[in-house]
Amino acid sequence: MARPKKHPSLSSPLDVERVRRDFPALAQKVHGHPLVYLDSAATAQKPLGVIERLSHSYTEECANIHRGVYQLSERATAAHEGAREKVRRFIGAEKASEIVFLRGATEAINLVAQSYGRAHIGPGDDIVITAMEHHSNIVPWQMLAAERGANLRVAPMDDSGDLVWSEYQGLLGPKTKLVAFTAVSNALGTVNPVAQMIDAAHHHGAAVLVDAAQAVPHASLDVRELDCDFLVFSGHKLYGPTGIGVLYGKERLLRAMPPWQGGGDMILSVTFEKTTYAPPPAKFEAGTPHIHGAIGLGAAIDYLESLGLAAIERYEAGLLEYAESMLSRLPGLRLVGTPKRRAAALSFVLDGIHPHDIGTILDRYGIAIRAGHHCAQPTMQRMGVVGTARISLALYNKREEIDYLVSCLKEAQKMFRP
C-alpha cells in the first residue's frame, strides 16, 4: 500500500501546488472548466492517502473487529483501534477510551442529549446555546427541553456575527445544566472565544459541549487545555470518509452515562434477566461500527499531520484575507457578517440575484459553492437574509481560484443587468 507523501517540516510554508496533486478530484472538469471547489465546509475532498488506505482496508483487512480470533480480524481490530489512538492524540485527549466513534457530529450531539441530557436535565433547568448554531446543535436540545420540561436559552449575536458576550454571561446561572456551542460558525465563519465560554459555563457548574466540526480542519484543538466536557466533529470535513464522526467525552462522564443504543459489542454479559454493559467507548458503539471509516479518518489525520496544522492555519488565514478583500471590492456584493475573527467561510449576497441563481451560474463555470440557509436558518434570520452564497476554503484552494470566482461573479451580474 502506498504511504502518505512526505511534506515539508512544520515551519515551512504550505506548497499548495504540491498539496493539490494529492487530491485527484481537483483534476476533473465541470461543464468544460477546471473544477474550483469552494464548498469544503459541507464536505472536503479526499487525498490519495485516504483513498488508498480505504482501498487497502477493504482488500486486505476486511473483517469484523473485536470478535474474531483469526489474523484478518486481529489486523482489522488493530487498524480500527489505531485510528482511535490517532484521534486521541490529534485532539489531545488523555485516553483512547474517551474517543467514541459515531456516524458524525450530528449523531454525537444526539448521543449526549439523549444519554447525558436525560440523566442530568429536568424541569426548569436551562440549556444554553448560541444564535449561530447549525441545526444539528439546535434541534436535539429542543427535543430534550420539550421532553424534560427544560428551557432552551439562546445567546444572541450582534450585527457583525459575533457572540454578544454580556448576554451570554447573563444567561448562565444556577439553573444552567448544559451549554452547547459551535467553535466556528458554518454559515459566517465566526470564531468563538471557546476557552472563555467554557470557563464561564464551568463557573456556574454547567457541562459544556463544543461543536468542532468546522474548527478541526483549520486549527489544532486540545481538549484538555480547553477543559471541555464533550467535543464533537465529523470525519468528512476533515478530509476523511463520510459516515464517521467523533465524540470526545471526559472519562468520568462517559462512565456515568447510560448507553444510548443496545446491541452487540457494547456488553460484558447478557442474560434474559440482566445485561451488564461494557465500559466506554464500547458502551456507546453498539453493533458493527464503520470500521473502514474510522481507519480512513486515521489516514486523514496522518495526512494533516504530515503537512502540519500550523502551516495549514497560516496558509488558510492568508487565503481568507485575500478572498475577503477581493469580494469586498465587487460593487453590489455584501458580505454577510464581519466578525472579529473568522475561519474558512465567507457568506455574501449580490444585489438583485438570488443565492441559488448565483450557485447555478457559478456551476456553469466549474465553481462549486453552497447557496441557501446552510442548515442555519436562525443565523440567516438574525442577519436579515433568507439565504446566502457561501464559499468555504481549504488547504488546496489558491488565490487564482478567488480571482476566477470574482470574474465569474461579474459575469453573473451582467446576466441580471437591466
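Being among the hydrophobic types (A, V, I, L, M, F, W, C), closer than 21 Å to P217 by Cβ and surrounded by fewer than 24 Cβ atoms within 10 Å (Cβ to Cβ) narrows it down to one residue among A394, A376; which is it?
Values: A376 fails: surrounded by fewer than 24 Cβ atoms within 10 Å (Cβ to Cβ).
Unique residue meeting the criteria: A394.
Which of the residues belonging to the stretch 111-131 are in contact with a Phe, Trp or Tyr (Cβ under 8 Å, 6 or more places away or on another chain) and more than 19 Å from H202 (Cα to Cα)?
Passing the criteria: L111, Q114, S115.
Listed residues V184, V179; which is assigned by TED's automatic domain parsing to the domain that holds F233, more than 14 Å from A201 (Cα to Cα) and under 20 Å from the mean Cα position of the chain (by Cα)? Lay out the reasoning, then the answer.
Values: V179 fails: more than 14 Å from A201 (Cα to Cα).
Exactly one residue qualifies, and that residue is V184.
Would you check which residues across the stretch 157-172 are on the phi < 0 side of the Ramachandran plot and assigned to a loop (DSSP other than H, G, I, E, B) and list them? Explain how you work it out, then say what you get.
Start the filter on the stretch 157-172 by keeping residues that are on the phi < 0 side of the Ramachandran plot, which leaves 157-160, 162-172.
Passing the criteria: D158, D159, S160, D162, V164, L172.
Here are A368, A376: which of them is of a type in the set (G, A, S) and closer than 26 Å to A311 by Cα?
On the way: A376 fails: closer than 26 Å to A311 by Cα.
Every option except A368 fails the conditions.
Might you let me know whether the stretch 233-251 holds any residue that is crowded, with 24+ Cβ neighbours inside 10 Å and farther than 26 Å from A345 by Cα?
The answer is yes, given that some residue of the stretch 233-251 is crowded, with 24+ Cβ neighbours inside 10 Å and farther than 26 Å from A345 by Cα.
Restricting to the stretch 260-278, give me the number of residues that are out of contact with any Ser or Thr (no Cβ under 7 Å at 6 or more places or on another chain) and in a loop (DSSP other than H, G, I, E, B).
11
Condition test on L178, is it in contact with a Phe, Trp or Tyr (Cβ under 9 Å, 6 or more places away or on another chain) and either in a strand (DSSP E or B) or without any contact (Cβ under 8 Å) to a residue 40 or more places away in the chain (or both)?
Working: in contact with a Phe, Trp or Tyr (Cβ under 9 Å, 6 or more places away or on another chain): yes; either in a strand (DSSP E or B) or without any contact (Cβ under 8 Å) to a residue 40 or more places away in the chain (or both): yes.
So L178 fits the description; yes.
Filtering the stretch 215-232 down to residues that are among the acidic types (D, E) and without any contact (Cβ under 8 Å) to a residue 40 or more places away in the chain, which residue is surrounded by the fewest Cβ atoms within 10 Å (Cβ to Cβ)? Break it down into steps so the answer makes sense when it comes.
Of the stretch 215-232, the ones among the acidic types (D, E) are 222, 225, 227, 229.
Next, only the ones that are without any contact (Cβ under 8 Å) to a residue 40 or more places away in the chain stay: 227, 229.
Numbers: D227: 13, D229: 24.
Ranking the candidates gives D227 first.
Every residue in the stretch 180-214 that is buried (at least 21 other Cβ atoms within 10 Å of the Cβ), of a type in the set (V, I, T) and within 28 Å of T388 (Cα to Cα), please.
T182, V184, T190, V191, V210 - these are the residues of the stretch 180-214 that are buried (at least 21 other Cβ atoms within 10 Å of the Cβ), of a type in the set (V, I, T) and within 28 Å of T388 (Cα to Cα).
In this structure, is Y315 in contact with a Pro (Cβ under 9 Å, 6 or more places away or on another chain), aromatic (F, W, Y) and either at pLDDT 95 or above or under 24 Å from P193 (Cβ atoms) (or both)?
On the way: in contact with a Pro (Cβ under 9 Å, 6 or more places away or on another chain): yes; aromatic (F, W, Y): yes; either at pLDDT 95 or above or under 24 Å from P193 (Cβ atoms) (or both): yes.
For Y315, the condition - in contact with a Pro (Cβ under 9 Å, 6 or more places away or on another chain), aromatic (F, W, Y) and either at pLDDT 95 or above or under 24 Å from P193 (Cβ atoms) (or both) - is met.
Check off (1) under 10 Å from the mean Cα position of the chain (by Cα); (2) at positive phi for A213 and give me the number that stays unchecked.
That leaves (2) as the condition not met.
Go through (1) in contact with a strand residue (DSSP E or B) (Cβ under 6 Å, 6 or more places away or on another chain); (2) over 30 Å from S55 (Cα atoms); (3) crowded, with 24+ Cβ neighbours inside 10 Å for T176 and report which single condition fails.
Just one mismatch for T176, condition (3).
Tell me, which strands (runs of 3 or more DSSP E) lie completely within the stretch 71-156 with 3 or more residues that are free of Cβ contacts under 8 Å to residues at least 40 places away in the same chain? Steps first, answer last, please.
Working: elements: 99-102, 126-130, 151-155.
Here the list reads 151-155.
Look through V112, V128 and report the one residue that is more than 18 Å from the chain's Cα centre (by Cα) and within 29 Å of M383 (Cβ to Cβ). It would help to see each step written out before you state the result.
Numbers: V112 fails: more than 18 Å from the chain's Cα centre (by Cα).
Every option except V128 fails the conditions.
Is it the case that A412 is in contact with a helix residue (DSSP H, G or I) (Cβ under 7 Å, 6 or more places away or on another chain) and either assigned by TED's automatic domain parsing to the domain that holds Q28 or not basic (K, R) (or both)?
Details: in contact with a helix residue (DSSP H, G or I) (Cβ under 7 Å, 6 or more places away or on another chain): yes; either assigned by TED's automatic domain parsing to the domain that holds Q28 or not basic (K, R) (or both): yes.
The answer is yes for A412.
The values are calculated or read from the model by the stated rules, or taken from the named source; none is laboratory data. Computed from a prediction, not measured in an experiment: that's the story for all the values here. As a convention, Cβ positions derive from the backbone with ideal geometry for all residues, glycine included, and neighbour counts pool all protein chains shown.
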